[in-house]
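Quick notes on the structure that follows.
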């Protein structure tokens, strides 16, 4: 009985959402109805079939879609396949098959299973992220972002070509005051990279040799292993692509007000954006320059008694002295003969931990003295500088002051 009606739905296009014109045009009366677009999270074709969690979510959205159709809407409800990435790759490794072969076979089986569930999808619009007709647009989007910069005055992104024009005609000066024409090609590229919304830089990442890729914090377990495959994960400094989200963070925050979203969801977004209002303060370190910290409590500067840097902080190498200062407490040295040895050993230890491990609330706080002292800019007092793994380079300035 079920198969008969499923055949009927397919033949009659029961769940097809017509466009007003074009190849997917259909009944003009239906196309003119109020539109409703409903999309589920795409399944990963990284297994031979669906698991029980898939229909748990899909049935709920299908019920909502059917209700919308019954109340006079032209409902576009379809489903694709998130076929790139680690899940599909690891399944291919485990089964010893080429990823395209295993992925396409899994998708075909999942389509059969989805049909048997009786879900009301417009299958004409289904696609997989491995389709060239799809990912050419993700590549196009990346190029638009790469070739854009955020104009804070206009409060919007603008083509990078307009920024170049400003440097060329002198309406915007270069950081060192030289004319644009005096810069080499490399210097121009480096300068524009400071503005591009997508840029490459060396940054600390979660590196998994077993998977051969970088992982997000959410993909690393509290034990410092990959969620996919249970491989060990290490901290490494690698060149990677970044998004300059901070350039338009205020715009993201302000635009939340106009969204018709539940307040709880908007609050999550505000917390993720994480806007803080405060000041950047520089603590001089002899001839090595200064360590910059961000604080929302400038009134606590007078009580700052020590500083802590992330183990990966660029300033660490520049401030380490050749020997321990006279009177250094033995506990601060970690039992090492020199600051360089202590820092090297601690960095090696920190590199074996993920950000999740380093931020665990239950962990014991550890660290080591760098042998250097910074000057409190308001009191003039010398404060010792430590490195500790609970300070992350990717958060704030990678340095904190402590009271």
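Computed from the coordinates by the stated procedures, all read-outs in this text should not be read as laboratory data. Only a predicted model underlies this, so the values are computations on that prediction, with no experimental measurement involved. Backbone-built Cβ (ideal geometry, glycine too); neighbour counts: all protein chains shown.
What label, among (i) 5, 23, 31, 23, 13, 5, 1, 0; (ii) 4, 14, 21, 23, 18, 12, 6, 2, 0; (iii) 4, 17, 19, 20, 19, 13, 6, 2, 0, belongs to P(r) over Cα pairs in 10 Å bins from 0, in percent computed from the structure on display?
After the calculation, the listed value that fits is (ii).
If you count, for each residue, the other Cβ atoms within 10 Å and average over each peptide, how do 364-371, 240-247 line up from highest to lowest?
Ranking the peptides 364-371, 240-247 by packing returns 364-371, 240-247.
For the chain, find the longest principal axis of its Cα atoms and tell me its angle to the long axis of helix 86-95, 0 to 90°, nearest 10.
70 degrees
What is the angle, in °, between the Cα long axis of helix 339-351 and the longest principal axis of the Cα atoms in the chain? Nearest 10 is fine, range 0 to 90.
10 degrees
Hey, fewest Cβ within 10 Å first, where do 112, 343 land in order?
In order of increasing Cβ crowding within 10 Å: 112, 343.
If you find the alpha carbon centre of segment 41-74 and of segment 261-317, how far apart are they in angstrom?
Distance between centres, Cα-based: 44 Å.
Taking other Cβ within 10 Å of each residue's Cβ, how do 208, 184 sort, fewest first?
184, 208
In percent, what relative contact order does the chain have, based on Cα pairs under 8 Å that are 6 or more apart in sequence?
Value for the chain: 12 percent.
How tilted is helix 2-12 with respect to the longest principal axis of the chain? Cα atoms for both, answer in degrees (0 to 90, nearest 10).
Computed tilt is about 90 degrees.
For the residues 219, 162, what sequence is obtained by ranking on other C-beta atoms within 10 Å, fewest first?
162, 219
Expressed as a rounded percentage, what relative contact order does segment 2-130 have, with Cα pairs under 8 Å and six or more residues apart?
33 percent
On alpha carbon coordinates alone, what is the Rg over Rh value for segment 264-403, Rh being the Kirkwood radius?
0.99
Provide the gained length on full extension for the span residue 41 to residue 1, in nm with one decimal, where the gain is 0.36 nm per separating residue minus the Cα-Cα distance.
11.5 nm
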